[in-house]
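Visitor: The following block contains the structure, expressed as structure tokens.
The values are calculated or read from the model by the stated rules, or taken from the named source; none is laboratory data. The structure displayed is predicted, hence computed values, not measured ones. Neighbour counts are summed over all protein chains in view; Cβ atoms, including those assigned to glycine, are modelled from backbone coordinates with ideal geometry. Side chains included, ligands, DNA and RNA excluded: accessible areas come from the protein's heavy atoms. Shrake-Rupley method; radii C 1.70, N 1.55, O 1.52, S 1.80 Å.
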Amino acid sequence: MQHKFKKLAPIVEWGTLLLSTGLVCFFLCVILYDIFTKGYHVLSWEFVSKLPTNGMTQGGILTPIIGTVFLTLITAIFSIPFGICCAIYLNEYAENTWLTRTIRASIRNLSGVPSIIYGLFGLALFVQALNFGTSILSAGLTLGLLSLPYIITTTEEALLRIPRSMREAALAVGATKFESIKDVVLPASLPGILTGIVLTLSRAAGETAPILFTGAAFYITNSFGNINQEFMALPYHLYMLSTQHQSIEEVRPIAYGTALVLIVVVFLMNLTAFYIRYKFRNNEK
């Protein structure tokens, strides 16, 4: 009886895994099909290159696209250097003490904090305490805080995959610890670091809650070149068109088109992450 159970156990496990995967993929395909069929006919060069007009009932989504790009750039500038440096310190320099373990646990816990909490914290810190006001700078810094735990975690995991023997070999030939990290460890862990960064930024680009309180605007005619003013962004634009617009049915096609553009942007960023990993793995071979 036990022998039969041992034979059936792998089949049951694989069957459960395939069923779960199939269900997830099925519902994902249903959602994507619904968005694509209702949004593809709106897509055109004019849709992505013109400003919204007439209360967002006409025109395109150029302003939200530009706002999203600037927001992602500020997020990257703030979070990537701090995240990588923090991960290098924790993995390469910090000793395994209770304080280091507490810091690591805190970083992991911060990854699970709801994004709306980051939005409220950004409102209190950047908008009010530091007096940056509701602006793209406040929103970008808030998303930077949200992204930091993910970048630190993924960077540290990438560093942990590098064998200790590579570090020891670099030290054995006379390199300093800093040189071994700069010339040996970081280049070897670069694929994992870049993949984590791109995936984190793609998630940040699609967040709505953190920018809800810190600078996203319902409708403005110009958001170019000034980090101290409010801005429009694709996720918040989609939220407003779908729930708060005075003519929801009239702008429904624009909402679906915006959703499709946002999905394409996130998909391309994720595809870039996979390409980076694939490219570096081929180079290593």
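Visitor: Only one residue in 65, 77 is at pLDDT 90 or above, under 30 Å from residue 138 (Cα atoms) and open to solvent by 40 Å² or more (accessible area, probe 1.4 Å), so which one is that?
Guide: Numbers: 65 fails: at pLDDT 90 or above.
Result: 77 is the single residue among 65, 77 that is at pLDDT 90 or above, under 30 Å from residue 138 (Cα atoms) and open to solvent by 40 Å² or more (accessible area, probe 1.4 Å).
Visitor: Within segment 65-84, work out how many residues are over 14 Å from the mean Cα position of the chain (by Cα) and of a type in the set (Gly, Ala, Ser).
Guide: 1
Visitor: Out of 109, 54, 131, 96, I need the residue that is polar (S, T, N, Q) and either within 30 Å of residue 171 (Cα to Cα) or open to solvent by less than 40 Å² (accessible area, probe 1.4 Å) (or both). Which one?
Guide: It is 96.
Visitor: Within segment 187-199, can one find any residue that is under 30 Å from residue 243 (Cα atoms) and assigned to a helix (DSSP H, G or I)? Step through it out loud before you land on a result.
Guide: The first filter runs over segment 187-199 and keeps only residues under 30 Å from residue 243 (Cα atoms), leaving 198-199.
Right, trim to assigned to a helix (DSSP H, G or I) and you get 198-199.
Yes: one or more hits.
Visitor: Hey, among the residues in segment 227-246 that are open to solvent by 20 Å² or more (accessible area, probe 1.4 Å) and in a loop (DSSP other than H, G, I, E, B), which one's farthest from residue 141 (Cα to Cα)?
Guide: Among them, the one singled out is 246.
Visitor: Starting from segment 38-54, keep only residues that are over 16 Å from residue 263 (Cα atoms), then list their pairs with residues that are open to solvent by less than 90 Å² (accessible area, probe 1.4 Å) and not small (Gly, Ala, Ser) whose Cβ atoms are within a distance under 7 Å, requiring at least 6 positions of separation or different chains.
Guide: That search, which allows pairs on different chains as well, returns 49/62; 50/62; 51/62; 51/63; 52/61; 52/63; 52/219.
Visitor: Name the pairs whose Cβ atoms lie under 9 Å apart, with the first residue in segment 17-37 and outside the structural domain of residue 258 (by the TED database), the second modelled with pLDDT of 90 or more and exposed (fewer than 10 other Cβ atoms within 10 Å of the Cβ), and 6 or more positions between them or separate chains?
Guide: Close Cβ pairs satisfying both conditions: none exist.
Visitor: Could you list, in sequence order, all residues of segment 200-211 that are more than 23 Å from residue 275 (Cα to Cα), open to solvent by 10 Å² or more (accessible area, probe 1.4 Å) and not in a loop (DSSP other than H, G, I, E, B)?
Guide: 209
Visitor: Give 214, 142, 155 a once-over and let me know the one that is open to solvent by less than 10 Å² (accessible area, probe 1.4 Å) and either in contact with a strand residue (DSSP E or B) (Cβ under 6 Å, 6 or more places away or on another chain) or not in a helix (DSSP H, G or I) (or both).
Guide: Within the list 214, 142, 155, the selection yields 214.
Visitor: Within the set of pairs 6 or more residues apart or between chains, which connect a residue that is within 23 Å of residue 176 (Cα to Cα) inside segment 93-107 to a residue that is part of a helix (DSSP H, G or I) and among the polar types (S, T, N, Q) with Cβ atoms less than 6 Å apart?
Guide: Every condition considered, the pairs that remain are 94/100.
Visitor: Still on this model: Considering only segment 119-139, how many residues are out of contact with any strand residue (DSSP E or B) (no Cβ under 8 Å at 6 or more places or on another chain) and either within 14 Å of residue 79 (Cα to Cα) or of a type in the set (Lys, Arg) (or both)?
Guide: Result for segment 119-139: 2.
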